[in-house]
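Written below as structure tokens is the structure these notes are about.
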Amino acid sequence: MLRSAKHPKMQEKEVREIAGLLRHKPRVAVLTGAGISAESGIPTFRGKNGLWKQFRAEDLATPEAFERDPILVWEWYDWRRKIIAGREPNAGHLILARWEEELPGFILITQNIDGLHSRAGSKNILELHGNIWQLRCLKEAKVTENFESPLPHIPPRCPACGGLLRPNVVWFGEALPRLILEQAQSASTAAELMFVIGTSAYVQPAASLPLLAAEGGAAIVEINPDYTPLSTYASYSLRGKAGEILLQIDAAIRDAS
Ligand code: BJW
């Protein structure tokens, strides 16, 4: 997508307006994508250096790929777990965790599986696409946490029943966890202000959540260095890195109080 230039003074004014909205403590829903973790050094999926430029989603992120070659799929996830394990939450994650404490009607919806929101201190998180630190047994469907990195055996097996374990993430063609998706849809519909941060807004059904919010009358704030299909629906499109822009908004909230 093209980078659309905006005059810095114009963006400063928008940042102050958004801070003004937040000071009234509206019901806020936030949808994050891979871009919020980019400043922590975790690769995004699309774009110049995105994972899908180097790897084929069909070979690694579908149930068919796992059935065909669980070792290959697990080697890829083990490599990503190693990258994530060595990274820290950034300013963007930390500010969202603080806003959760300060805004009573705050809900965080993420497409990210890296667990960085939770490491930053966010508590009430709707993980639409699962979590790379959880493993699911294919025999018993039981989900367990596992932070070993690297994994001692690939593919890992369930210690209880010996069944094959898979990453508890949502692959293409798979349904999102029903309750979590329903909660995300309700929160989006009920939101008065929705932030859409660091997502290409390409993957469904997550990309439709801000449209539900807009239909419900919410103002949409997009934070992304690039234009996305959601930009036309956004009340504010702030161009830049998530951590930097969230710091500016957070400072503007505190400046005026
Ligand atoms: C920065 C930044 C900085 C950079 N600061 N920003 C309707 C229409 C068409 C297709 C479909 C449809 N409904 C469903 C589909 C099919 C499919 C789909 O959407 N396909 C599209 C590709 C067309 N959807 C599905 O298959 C979903 N399932 C489903 O709908 O099931 C229906 C069903 C019902 C009942 C029974 C059975 C089925 C599942 C989708 C699963 C997505 N999985 C992945 C992998 C997760 C596990 C893993 O990580 O390995 O999720 S794919 C990948 O994309 C990952 C992400 O969560 C997801 C979204 O990516 P995201 O977060 O937006 O990242 P990027 O890289 O795309 O964008 C990063 C952005 O950040 C960019 O814009 C940058 O500019 C920006 N950025 N630096 C701020 N510093």
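Every read-out reported here was derived from the displayed coordinates using simple, explicitly stated rules and does not represent laboratory data. Note that the structure is a prediction, hence the values are computed from the model and not measured. Note: ideal-geometry Cβ built from the backbone for every residue, glycine included; neighbour counts use all protein chains shown.
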| query | Given a Förster distance of 45 angstrom, what is the FRET efficiency for TYR227 paired with GLU67, based on the Cβ-Cβ distance and rounded to 0.05? | reply | 0.75
| For the chain, taking Cα atoms only, what is the radius of gyration to one decimal and the Dmax to the nearest whole Å? | 18.7, 61
| request: Return the sequence-ordered ³J(HN,Hα) values of the stretch 74-84 in whole Hz as given by the Karplus equation 6.51 cos²θ - 1.76 cosθ + 1.60 applied to θ = phi - 60°, using x for Gly and Pro. | output: 5, 4, 5, 5, 5, 4, 5, 4, 5, 4, 5
| query | Can you give the direction-averaged projected area of the convex hull of the alpha-carbon atoms in the stretch 1-94, in nm²? | reply | 8.8
| task | Bin all alpha-carbon pair distances of the stretch 54-133 at 5 Å intervals from 0 and give each bin's fraction as a whole percent. | result | 3, 14, 20, 20, 15, 11, 9, 6, 2, 0
| request: Summarise the long-distance tail of P(r) for the stretch 152-257 by giving the % of C-alpha pairs beyond 22 Å. | output: 49
| task | Could you check what % of the DSSP bridge pairs in the chain are antiparallel, to the nearest 5? | result | 30
| remark: Per residue, the convex hull enclosing the Cα atoms of the stretch 43-180 spans a volume in Å³ of 126
| Taking only Cα atoms, what is the 0 to 90° angle, nearest 10, from helix 91-102's long axis to the longest principal axis of the chain? | 70
| said: Suppose the chain between VAL169 and LYS48 were pulled fully straight at 0.36 nm per residue; how much longer would it get relative to their current alpha carbon spacing? | reply: 41.2 nm
| message | Less than 13 Å Cβ to Cβ from ALA65, Lys/Arg counted +1 and Asp/Glu -1: what total charge do the surrounding residues give? | response | -4
| note | Sequence order, the stretch 182-197: Karplus ³J(HN,Hα) from phi using 6.51 cos²θ - 1.76 cosθ + 1.60, θ = phi - 60°, Hz rounded, Gly and Pro as x, gives 5, 5, 5, 5, 5, 5, 5, 4, 7, 5, 9, 9, 10, 9, 10, 10
| task | Work out how far the C-alpha atoms of the stretch 20-73 reach from end to end along every principal axis, then list the three figures in whole Å, largest first. | result | 53, 24, 15
